[in-house]
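One structure is given below, encoded as structure tokens.
The values are calculated or read from the model by the stated rules, or taken from the named source; none is laboratory data. The structure presented is a predicted model; accordingly, all values stated were derived computationally and were not measured. As a convention, Cβ positions derive from the backbone with ideal geometry for all residues, glycine included, and neighbour counts pool all protein chains shown. Side chains included, ligands, DNA and RNA excluded: accessible areas come from the protein's heavy atoms. Shrake-Rupley method; radii C 1.70, N 1.55, O 1.52, S 1.80 Å.
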Amino acid sequence: MKEHLLSVLLFAPLAAAAVAAAISNERVLRWWALVSSLAIAAISLPLYTGYIATQTGFQFVEHCSWIPSLKIDYHLGVDGISVLLILLTTLITPLCVACSWTYISKRVKEFMVCMLVMESAMIGVFSALDLVLFYVCWEAMLIPMTLLIGVWGGQRKIYAALKFFIYTMAGSVMLLVAIVALRIQVGSFSIPDMIASGSTFAQNFQLWVFGAFFLSFAIKVPMFPFHTWLPAAHVEAPTAGSVILASVLLKMGTYGFLRFCLPITPYAAHYFAPAIMMMSVVAVIYGGLAALGQSDLKKLVAYSSVAHMGFATFGIFSFTQSGLEGATLVMINHGVTTGALFICVGILYERLHTRDINILAGVGKYMPVFSTFLGLACFSSMAFPGTNSFVGEFLVMVAGFSVSKTLMLCAVPGIVAAAAYNLRMLQKVCYGTPNNRDYSAIADLNLREILTLAPLAVFIVWIGFHPQPFLDVMRDSLAHVLAQLGR
């Protein structure tokens, strides 16, 4: 099983999607999507239990020829970075199915097929060790995500879907340019071969390839100023679309920086690092202040993502062990915390059909269980000590002060803004005064909603108080990336 575990994870969602396409009963369809995604999550657990953290290089490797004439291989493998991201993907997918149980009432079959196909593509992105396979999965993810926004989204769903598609396709074109350039230089599409050759590439070549990679991944993160597609996509997407977009899809950008930009183009990474760290600080400040000014809860959480991912990119380009560990933890923690926040917003929208923070004032008084989960997610989002986000952002700040005290001090307003917009949201929704509205008839969370939010709450507390198991998995892989960067 271990020899073919990644192939099973890659193709199991596609097989589940094929079965879902043949099911006509909507109730059976929902249960099939939930049970199959939970089974895939269970199958993914040996990635963690069987991963040898002290062993550098890729593990669970599968390698065979795919298209010999073009030297394209079917090549899969994981390291300490991709293991955690695949586990995050398999955790989030069943939660997305669960939170859509009653929200999606039309074209249920197509919705569940899109979710399962997208899970397969995301696992492929994090496990591919051949750039063609990576690119195929990268592009395959784009279609179901566009459909999720464009078919099941809000009033401006077509605008949001087109904007997402155009931005992402523009980044994909730049990614393809970098892949072709590297293929000409290396003679194959093997990612390990390209990493091994990184230090031998000419400096000008590295600068151009890094630029192509950077534009593609910066759009996906998204980094300021490439972020403008994100608020529209989040606001118009259904709850599950917002969750999977924030929790997993954005991490493909930061994963690309770690997997490609640092080890394959080390000279260019050093050359552009100061500018990228400045852009990251701007993202922290801008995202925080923009979130503070929002009355739509989804827009608030969307802009907070810009700020949180700014911490991740800053940590990556600090080129320190604590910075890379903090950035990787921020990636995982953001997926957990923001996923919980979007599910909470979706729960309110299902009941009251609004996301306006002023209209929702005081509703939390009648939903104590909901308020508990929302409060925990808000405290995590502001990186309160004892929650998961504190650990990652603290490590990034330690790295930041060792690299540039000025830049870290400049980021302080963004950190203060994070506390302000999260406490404002919590105060309004849970403790505010209702505006001539009676919410006493609003039902609190049901069992399905509690079971959807509970796993995320567990990880918020677990990583907050005991992050060591996660740090142990990633540490040696990140140290190896730093060693490749310093060649």
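Brief remarks on what is shown
- Both radii come from the Cα set of the chain: Rg as radius of gyration, Rh as Kirkwood radius; their ratio Rg/Rh reads 0.95.
- Nonpolar atom fraction for the range 312-414, defined as the carbon and sulfur part of the 1.4 Å probe accessible area, stands at 70 percent.
- Added length on full extension, which subtracts the Cα-Cα distance from 0.36 nm per residue, residue 366 to residue 166: 67.8 nm
- Each Lys and Arg adds +1 at its Cβ and each Asp and Glu adds -1 at its Cβ; summed about the Cα centre, the chain shows a dipole of about 900 debye.
- Net lengthening on full extension, residue 43/residue 321 (0.36 nm per residue, minus Cα-Cα): 97.0 nm
- For residue 63, the solvent-accessible surface with a 1.4 Å probe is about 110 Å², rounded to the nearest 10.
- Rounded FRET efficiency, nearest 0.05, which uses the C-beta distance separating residue 102 from residue 384 and R0 of 25 Å: 0.20
- Out-of-range pairs (alpha-carbon distance over 31 Å; input 220/365; 109/220; 109/157): 220/365
- Taking amide H positions as modeled 1.01 Å from N, with prolines and chain starts lacking one, the residues under 5 Å from residue 72 and 5 or more places away or on another chain are 66, 67.
- Reported to the nearest whole Å, the Cα centre-to-centre distance from the range 37-77 to the range 176-220 is 22.
- A viscosity of 1.306 mPa s and a temperature of 10 °C, combined with the Kirkwood radius over Cα pairs in Stokes-Einstein, give a translational diffusion coefficient for the range 3-71 of 109 µm²/s.
- Assuming charge only on the beta carbon of Lys and Arg (+1) and of Asp and Glu (-1), the dipole of the range 413-487 about its Cα centre is about 240 debye to the nearest 20.
- Take the Cβ atoms of residue 176 and residue 25, set R0 to 45 Å, and the FRET efficiency comes out at 0.60.
- Between the range 312-332 and the range 9-32, the alpha-carbon center distance in angstrom: 37 Å
- Farthest towards the positive end of the charge dipole of the chain, among the residues 433, 264, 412, is the Cα of 433, using unit charges on the Cβ of Lys, Arg, Asp and Glu.
- Residue-level accessible surface for residue 407, protein heavy atoms, 1.4 Å, Å²: 30 Å²
- Taking a Cβ cut-off of under 13 Å around residue 92, the surrounding Lys, Arg, Asp and Glu residues balance to a net charge of 0, with basic ones at +1 and acidic ones at -1.
- Rounded to the nearest Hz, the phi-derived 3J(HN,Hα) couplings of the range 268-276 under the Karplus curve 6.51 cos²θ - 1.76 cosθ + 1.60 (θ = phi - 60°) are 5, 4, 5, 5, 9, 4, x, 5, 5, where x marks glycine and proline.
- Extension gain from residue 458 to residue 438, taking 0.36 nm per residue of separation minus the Cα-Cα distance: 4.0 nm
- For the chain: relative contact order, % (alpha-carbon pairs under 8 angstrom, 6 or more apart): 16 percent
- The string of couplings for the range 80-97 from the Karplus curve (6.51, -1.76, 1.60, θ = phi - 60°) is x, 7, 6, 4, 5, 6, 5, 5, 4, 4, 6, 6, 6, 4, x, 5, 5, 5 Hz, one whole number per residue in order, with x for Gly and Pro.
- For the chain, the solvent-accessible area of protein heavy atoms averages 35 Å² per residue (probe radius 1.4 Å; ligands and nucleic acids excluded).
- Along the axis of the charge dipole computed for the chain (Cβ charges of +1 for Lys and Arg, -1 for Asp and Glu, origin at the Cα centre), the listed residues 158, 453, 81 are led at the positive end by 158.
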